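One structure is given here, and the rest of the page talks about it.
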Amino acid sequence: MSDLLALSAAQLAERIRARELSREEVWDTYRERAAADDLNAFLWVAADAPDTGDGPLGGVPFAAKDLFCVRGVPSQAGSRILEGYRPPYTATAVEKIVAAGAPLLGKTNQDEFAMGSSNENSGYGPVLNPWDRTRVPGGSSGGSAAAVAAGQVPWAIGTDTGGSVRQPAALSGIVGLKPTYGAVSRYGMIAFASSLDQAGPLTRDVTDAALLFSVMTGRDPCDATSLEHPEAIRLPSAQDLQGVRLGVPDDVESAAGIEPGVLEAFRATVARAQELGAEVDTCSLPHARHGIAAYYVIAPAEASSNLARYDGVRYGLRVDGDDGLLAMYTRTRHEGFGAEVRRRIMLGTYALSSGYYEAYYGRAQRVRTKIADDFRAAFERFDFVVTPTSPGVAFPLGAKTDDPLAMYLNDFFTVPMPLAGIPAISIPNGLSEGLPTGFQIAGPAFSENRILDAAYALEQAIGFDTAAVHA
Amino acid sequence: MIDRAEVLHVARLARLELSEGEVDRMASELSAVLDHIETISELELDGVAPTSHVVEVGSALRADEPRPSLPREEALASAPAVAADGFEVPSPGA
């Protein structure tokens with residue numbers, strides 16, 4: 001292993017700035033590793049390093065999930081319906097990272113239109129988990145997670161709608177941050193569920209997450225839901241958790257499908273938090289357990305609307321048969337969308353159809369209000385709510401593909417936060433049966449600086465070696 | 001709880017073609033998910049306002065000033081079929 005691979009992105013930027021390493025050397029090393037990817041993590045790798053100037057990210061290359069539009073670069077959202085699509089514009093999040101000095105190394109594989117928790121729904125084949133190639137890396141940002149975990153790229157961005165940054169980060173042994181809704185512009189992100197989608201960093205450690213996130217935030221005239229973050233994002237430095245109040249939801253121990261090893265690792269880190277000075281108590285989020293039900297109405301409903309645009313007219317696939325416009329639409333969408341995307345379009349269309357709207361969508365949006373109220377009440381007593389990120393470790397490829405509901409329940413701990421619009425991070429929390437587990441910290445809207453500090457203090461105490469799987 | 005006829009009706013609304021085998025599978029898979037979703041029908045939600053937006057935002061209106069947009073040739077560059085400077089589609093009546 002080259003010494004360069006042992007360095008975090010922030011350390012690489014520091015060495016480049018100090019002229020101890022050249023940008024070219026860093027680019028070439030990672031370019032070679034990304035091009036030799038045998039995890040199916042990359043869908044496109046850049047040929048040459050673009051000149052990105054001197055910015056705070058110091059020339060350290062990054063990868064973007066396929067659904068981020070990049071001008072002239074294949075941007076397919078993991079779907080065959082967008083095969084070969086090269087957008088005429090670039091997503092704001094990507095533009096800001098490039099402007100801060102990081103060149104784009106490649107586009108990463110994902111579940112089609114970000115719908116999935118295992119990356120098995122990609123139209124371009126599943127991604128393999130570098131910890132165990134017979135297992136999934138999580139999803140939907142599975143390519144970004146696997147690429148960072150395997151040292152194919154120093155850091156990456158993904159999107160989180162119901163857990164799609166945090167869950168693959170947990171299953172791949174890295175850090176993933178889902179920001180407050182609106183903190184990062186969604187302009188140029190191929191949409192899944194617009195009221196939930198948020199871009200976030202996937203990185204080797206908490207400092208890298210803070211550094212990358214710090215350049216992504218800001219109000220964007222191209223996204224009316226984006227906001228100016230009230231605080232500049234700082235690099236974390238907390239050494240302890242003195243005075244920090246942590247709430248552990250009372251149903252963590254009884255959550256569906258929770259594995260004993262995951263629970264054990266979670267309890268051990270709660271105990272570490274107490275040693276670092278945190279006050280820990282049980283909290284009640286009575287409606288969070290209904291998060292999956294509300295999510296699987298709201299997200300498919302929004303998706304059914306967002307995905308109406310793929311009709312074989314303006315871009316992407318067209319399957320024509322000389323039998324009229326309607327037949328062209330239905331055939332194109334049948335051929336172009338994978339099974340899970342068709343399922344969610346059906347679910348969402350059903351929930352929004354005449355006679356069912358109030359029973360499903362209306363009720364789900366009321367449950368969403370209750371979930372947000374639960375968090376608001378919890379944050380009057382606690383600084384953060386902590387849970388395991390995923391109830392289990394990475395599962396074998398194919399283990400859950402025949403049971404959509406079992407797959408959806410992977411998101412039990414991650415779905416409530418986007419429904420409430422609040423930020424949350426997943427940090428590596430040691431191993432269970434030789435595979436990574438994640439520890440999730442959620443806080444009120446715009447509390448990212450505090451979350452990053454708490455995550456940093458815990459990261460030092462846990463001492464997880466993120467370089468462990470670099471081949 | 002969702003039958004073949006409803007699946008076909010929803011597929012038509014969604015402009016999705018489904019093969020024969022897919023119709024039955026979709027009916028059983030959607031039913032399983034809808035059964036789980038049904039758990040929210042037990043909640044007391046009277047008087048609870050539905051969420052319309054998760055974070056408070058002010059007016060998103062901007063000044064209505066003309067500015068350049070995507071050039072026509074770029075907008076058409078990815079289209080499967082183009083005719084007379086526009087998107088070409090099969091006849092609706094065919």
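The values are calculated or read from the model by the stated rules, or taken from the named source; none is laboratory data. Values in this document were obtained by computation on a predicted structure and should not be read as measured data. Reconstructed Cβ throughout: ideal geometry from the backbone, glycine too, with neighbour counts over all protein chains shown.
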Anything in segment A:296-351 that is within 8 Å of chain B (Cβ to nearest Cβ), touching a Ser or Thr at 6+ places or on another chain (Cβ under 9 Å) and of a type in the set (Phe, Trp, Tyr)? List them, or say none.
A:TYR315, A:PHE337, A:TYR350
State the number of residues belonging to segment A:51-101 that are more than 16 Å from A:ILE190 (Cα to Cα), in contact with a strand residue (DSSP E or B) (Cβ under 7 Å, 6 or more places away or on another chain) and surrounded by fewer than 20 Cβ atoms within 10 Å (Cβ to Cβ).
0
Flagged pairs (Cβ under 7 angstrom, 6 or more apart or on separate chains; first in segment A:231-257, at pLDDT below 95; second surrounded by 15 or more Cβ atoms within 10 Å (Cβ to Cβ) and of a type in the set (Lys, Arg)) are A:ASP251/A:ARG289
Looking only at segment A:156-207, count how many residues are out of contact with any Gly (no Cβ under 7 Å at 6 or more places or on another chain) and either acidic (Asp, Glu) or in the same structural domain as A:ARG309 (by TED's automatic domain parsing) (or both).
2
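Okay, residues lined up against (1) at pLDDT below 95; (2) touching a Phe, Trp or Tyr at 6+ places or on another chain (Cβ under 8 Å); (3) of a type in the set (Gly, Ala, Ser); (4) closer than 16 Å to A:ALA63 by Cα:
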{"residue": "A:THR159", "(1), (2), (3), (4)": "no, yes, no, yes"}
{"residue": "A:GLY162", "(1), (2), (3), (4)": "no, yes, yes, no"}
{"residue": "A:ALA169", "(1), (2), (3), (4)": "no, no, yes, yes"}
{"residue": "A:ILE174", "(1), (2), (3), (4)": "no, no, no, yes"}
{"residue": "A:LEU177", "(1), (2), (3), (4)": "no, yes, no, yes"}
{"residue": "A:GLY182", "(1), (2), (3), (4)": "no, no, yes, no"}
{"residue": "A:TYR187", "(1), (2), (3), (4)": "no, no, no, no"}
{"residue": "A:GLY200", "(1), (2), (3), (4)": "no, yes, yes, yes"}
{"residue": "A:ASP208", "(1), (2), (3), (4)": "no, yes, no, yes"}
In segment A:206-261, which residues are within 25 Å of A:TYR187 (Cβ to Cβ) and of a type in the set (A, V, I, L, M, F, W, C)?
A:ALA209, A:ALA210, A:LEU211, A:LEU212, A:PHE213, A:VAL215, A:MET216, A:CYS222, A:ALA224, A:LEU227, A:ALA232, A:ILE233
Which one of A:ALA273, A:ALA288 is touching a Leu at 6+ places or on another chain (Cβ under 6 Å), buried (at least 18 other Cβ atoms within 10 Å of the Cβ) and more than 9 Å from every other protein chain (Cβ to nearest Cβ)?
A:ALA273
